[in-house]
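Some notes on the structure that comes next.
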Amino acid sequence: MRRRTAHPVAWWGWALLLATAAGRTSNPWLLLLIAAVAGLVVAYCRGDEPWSGAYRVFLFIGLSAVAVRMAFYVVFGGSDGPTVLFSIPSVTLPDWAAGFRLGGNVTAEGALAAAFDGLRLATLLVCVGAANALASPRRLLRSVPAALYEVSVAVVVALSVAPQLVAGVGRVRRARALRGNTNRSPANLMATVVAPVLHDALDRSLALAAAMASRGYGRSAGIPAPARRATAAALLVGLLGLCAGAYALLGAATPAPVAWSLLAAGVCAAAFGLAFASRRVPHTRYRPDRFGPKDWAVLACGAAAVCGTVLSGVFEPGALWPATNPLAVPDLPLWGAAGVLLAASPALLVPSATEEP
């Protein structure tokens, strides 16, 4: 039989809070710990649905992001230092391109700084992959606020593309194995894997959106034009407030009390906008998905990671943003590490999505 796991909104909130903690540091030890915690929770809590393999896909994408960031540093430059690893032919750029270069010296300090930046981006992608692997897009769609009912067709396409990509990769790999196709050249993989997977994922997502549209999702009939405009304005104000608060929290230049105040104001504005807009949209749910104590516990575990990085920023700011010049082994921020370890608690709190009868 199947056991209901944590609410998909709780999983997305937990993953986004982990991503917030990753965005507030460039310490490689802390970033690797966040990626490991996300992988641990996925390994213990995911089910056997098609989207459960999304973590591995996003992990590969994250590693590719690190490689691309390193390649950009080698070609276009960035932070430099006295330890030259090698040199490549350089091109003189005009004055308006000051700060950039093409070729030249590649230093250990600059390469390390680029690796830290790439690792932070990879960790953000891994957190998103964990949310995709744990949260059921169908349950998440049922939990979409009534204010977003008119855009539910676009929402379902956005939510289902990544799971369909993961499932499509598995189907195409099985089909290649059955046909005895073992050619792994880039051209063959592009023709027999990448193109079919993208085509299949988009087709399935659009077919699901068309089926929803035929059942009345996204309709605006029966709602007066002034009510629709008021609903859109309230929703826009709330979401803009939430984005402003999240941007202030992620930005290292904003003091923590100001960032948290802006985030709290943004959350209040978003909640008011959603509540005001939801009252103007006729919408019913059959068997609504309740948000229970276990789901709040999952969110609290994610918030522990953010609190840990905030405390590290107060008591050990140098450990969150380690310097690469001169070369030195970064210290592990203890407050941040403790918060991230607490974020692994859902592995114990939430059972797997499948259970023996």
**Report entry** Segments 325-337, 52-64 sorted - mean Cβ within 10 Å per residue, highest first
**Finding:** 52-64, 325-337
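What does the accessible area per residue of the range 1-78 come to in Å², with a 1.4 Å probe and no ligands, DNA or RNA counted? Present the calculation step by step, with values, prior to reporting the outcome.
Working: 3420 Å² over 78 residues.
Result: 44 Å² of accessible area for each residue.
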Report summary line: Note, residue 62: beta-carbon cut-off 12 Å, +1 each Lys/Arg, -1 each Asp/Glu, net +3
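Would you mind getting me the FRET efficiency between residue 289 and residue 316? Use the beta-carbon distance for r and R0 = 30 Å, nearest 0.05.
Values: r = 40 Å, r/R0 = 1.35.
Taking R0 as 30 Å, the efficiency between residue 289 and residue 316 is 0.15.
The values are calculated or read from the model by the stated rules, or taken from the named source; none is laboratory data. The shown structure was predicted, so the numbers you read here are calculated from the model rather than taken from an experiment. Every residue, glycine among them, receives a Cβ derived from its backbone with ideal geometry; neighbour counts consider all protein chains shown. Ligands, DNA and RNA are stripped out before the accessible areas are found, and what is left, the full protein with its side chains, is counted by its heavy atoms. Shrake-Rupley method; radii C 1.70, N 1.55, O 1.52, S 1.80 Å.
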